[in-house]
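Structure first, then comments.
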Amino acid sequence: MTSDERRVSIMELLKTRGRCMKGIELAEIFNVSRQVIVQDIAVLRASGEAIIATPTGYFVTPPRESVSLRKTIVTKHEGVDSIEEELVTIVDNGGKILDVIVEHPVYGEIRGNLMVGTRYDVEQFMKKVREDRAEPLSSLTEGLHLHTIEVPDEETYERILRELKKRNYLI
C-alpha cells in the first residue's frame, strides 16, 4: 500500500467509524509506526481535511448540518475535581464542550480540542488527566479559561449558565 492509498484509507476509517481513533490503533491497522500515522494526519490536514486531534484520538469533523448553536463561556476555577464538575455540569445540561482556550502572555491564544459531549467522555478525559498527571491549560492562567460549547438552543445555553453560576465558575 502506498502512502497515498493509506491516507485515503485513513480518511475512510475516520469518516465511517463515528468515534475517535488513536494513532496507535491506526498504526496497528496499517502495520506502520505511530509516527507514520502522525505524518499522514499532518499531510491530510494540510490538504484541507477536517481532522481534529483530541486526547482520545483523531476524528473527522462532520459537516455542519445541525441547527445547534456555538457559544463561548468564560470560567475560572482550579483543581482537577473542579474541572470534572464543570464538564459534567455542561454535559448534564445538554451541552458539548468543543475546546478549552487560554490567553498566554507570551504565546497568545492556546486552544485544546476536547469534544466532550457525554458523562462517559468526561470520565475518559478525566481518567487521562489523572493517569498522565497532566496540568490543565488553565493552570497557565490561574484558572481562567474559555470553552466553546455547542448547544441545541438558547434555553439549553441559559440553563448551563445558571448551573455554572451556582457553582461560582462563571466570570
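Bear in mind that the values in this text are calculations on the coordinates, not laboratory data. From a predicted model like this one, the values you see are computed outputs, not experimental measurements. So basically every Cβ, Gly included, is an ideal-geometry build from the backbone, and we count neighbours across all protein chains shown.
Hey, what angle do you get for helix 34-46 against the long axis of the chain, alpha-carbon based, 0 to 90 degrees rounded to 10? Long axis of 34-46 versus the principal axis of the chain: about 80 degrees.
This model, with +1 at the C-beta of Lys and Arg and -1 at the C-beta of Asp and Glu, gives the range 3-60 a dipole about its Cα centre of some 200 debye. Label sites at Glu131 and Val8, each approximated as a point 7 angstrom past Cα along Cα to Cβ, lie 3.5 nm apart. By the rule of a C-alpha distance below 19 Å, with chain neighbours fewer than 8 residues away ignored, the aspartates and glutamates paired with Lys128 are Glu25, Glu78, Asp81, Glu84, Glu85, Glu86, Asp99.
Qualifying trypsin sites (Lys or Arg not before Pro) in the range 18-127, where qualification requires a DSSP coil assignment and no more than 15 other C-beta atoms within 10 Å, comprise Arg19, Lys22, Arg64. Taking 0.36 nm per residue of separation and subtracting the current Cα-Cα distance, fully stretching the chain between Glu78 and Arg167 would add 30.8 nm. Using the Cβ-Cβ distance between Lys22 and Glu155 with R0 set to 22 Å, the FRET efficiency works out to roughly 0.05.
With Cα atoms defining each centre, the range 111-148 and the range 78-104 are spaced 7 Å apart in the structure. About its Cα centre, the range 69-166 has a charge dipole of approximately 40 debye under the convention of +1 per Lys or Arg Cβ and -1 per Asp or Glu Cβ, with nothing else charged. With the convex hull of its Cα atoms as the shape, the range 3-60 has an orientation-averaged projected area of 3.4 nm².
Restricting the GluC sites (Glu not before Pro) of the range 87-169 to loop positions (DSSP other than H, G, I, E, B) with no more than 16 neighbouring Cβ atoms within 10 Å leaves Glu142. Residues in the range 123-136 carry Karplus couplings, in order, of 4, 5, 4, 5, 4, 5, 4, 6, 5, 8, 6, 7, 7, x Hz; the curve used is 6.51 cos²θ - 1.76 cosθ + 1.60 with θ = phi - 60°, and Gly or Pro positions show x. Return the subset of Lys71/Lys96; Lys96/Lys127; Lys127/Lys166; Lys76/Lys165; Lys96/Lys165; Lys76/Lys96 for which the Cα-Cα distance in this structure is over 20 Å, preserving the input order. Pairs exceeding 20 Å: Lys127/Lys166.
Helical content of the chain, expressed as a calculated mean residue ellipticity at 222 nm, amounts to -14000 deg cm²/dmol (DSSP H runs of 4 or more residues, -39,500 (n - 2.57) each, divided by residue number, nearest 500).
Here is the list for the range 39-118: chymotrypsin sites (Phe, Trp or Tyr not before Pro) lying in DSSP coil, each with at most 13 other C-beta atoms within 10 angstrom of its C-beta, are Tyr107.
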